[in-house]
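*Asks:* For reference, the structure I am asking about is given below.
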Amino acid sequence: MRHSVKLLSFAAAFAVAPLSALADPATLSALEQAGIALTPELSAKVEAAQGEELASAIAEVVASLGQNTSIEAAIIAAVGASPELAMEITSAACLSNPGACAVIAGAAAKAAPGMAPDIAAAAAQAAPGQQDMITNTVIASVNNEAMNEAIRRAVAVGGDQPEENASGGSPSPN
């Protein structure tokens, strides 16, 4: 009986361990296939990231790339592997590398074109001074006339304009 309990405990531990150790190998694999060189530490963070933690890990990858042209490839790979986190990845990456926010938004929209308005809004919230550049880059990346107005509206709402100003009224005194 003790032998059976020990065997079952060992089997249960073995079955659970690989799941947590390989939390997001798809995103790591996509980054590697895109030619993004990662430090061992960043590789481990991306691979171990679960859910929204992945956005933070990708933000660290983007920050490590500086103004490198690999940013677009990294974002396309990450969003392509985890499209359900497109807005979170976009926002975190823009906050980690504001100078590349339009490139980040355009790449995310290219990887998940159906989410382009939401991606553009997330980018505009993260980098409010770059609305025009974000709008133009996302529109060019998606290249879908039917989405252009939705992207423009999303950026206008996602930017730093108070809602009262966006509709023409004056801001509240609060």
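*Asks:* Would you point out the residue of the range 99-116, among those that are surrounded by 22 or more Cβ atoms within 10 Å (Cβ to Cβ) and of a type outside the set (A, V, I, L, M), that is nearest to ALA57 (Cα to Cα)?
*Replies:* Result: CYS101.
*Asks:* Give the residues of the range 31-42 that are polar (S, T, N, Q) and either surrounded by 20 or more Cβ atoms within 10 Å (Cβ to Cβ) or farther than 14 Å from LEU65 by Cβ (or both), sorted by residue number.
*Replies:* Of everything in the range 31-42, just one residue is polar (S, T, N, Q) and either surrounded by 20 or more Cβ atoms within 10 Å (Cβ to Cβ) or farther than 14 Å from LEU65 by Cβ (or both), namely GLN33.
*Asks:* Which number in (1) at pLDDT 95 or above; (2) within 19 Å of ALA55 (Cα to Cα); (3) surrounded by fewer than 23 Cβ atoms within 10 Å (Cβ to Cβ) marks the one condition that SER96 misses?
*Replies:* It is condition (1) that SER96 fails.
*Asks:* Could you tell me which of the residues GLN50, GLN67 is within 25 Å of PRO25 (Cβ to Cβ) and outside any helix (DSSP H, G or I)?
*Replies:* GLN50
*Asks:* For the range 107-128, give me each residue that is in a helix (DSSP H, G or I), over 15 Å from VAL157 (Cβ atoms) and under 11 Å from the mean Cα position of the chain (by Cα).
*Replies:* ALA107, ALA108, ALA109, ALA111
*Asks:* Identify, from the list THR27, THR69, THR39, the residue that is touching a residue at least 40 places away in the same chain (Cβ under 8 Å) and polar (S, T, N, Q).
*Replies:* THR27
*Asks:* Moving on. For the range 129-151, how many residues are without any contact (Cβ under 8 Å) to a residue 12 or more places away in the chain and either hydrophobic (A, V, I, L, M, F, W, C) or assigned to a helix (DSSP H, G or I) (or both)?
*Replies:* 5
*Asks:* For the range 61-98, which residues satisfy the criterion of being touching a helix residue (DSSP H, G or I) at 6+ places or on another chain (Cβ under 6 Å) and of a type in the set (Ser, Thr, Tyr)?
*Replies:* Matches in the range 61-98: SER82, THR90, SER91, SER96.
*Asks:* Let me ask another. Of all residues in the range 63-84, how many are closer than 21 Å to ALA154 by Cα and surrounded by 24 or more Cβ atoms within 10 Å (Cβ to Cβ)?
*Replies:* 2
The values are calculated or read from the model by the stated rules, or taken from the named source; none is laboratory data. Bear in mind that the values here come from a model prediction, so they are computed numbers and not experimental data. We place every Cβ from the backbone using ideal geometry, glycine too, and count neighbours over all the protein chains shown.
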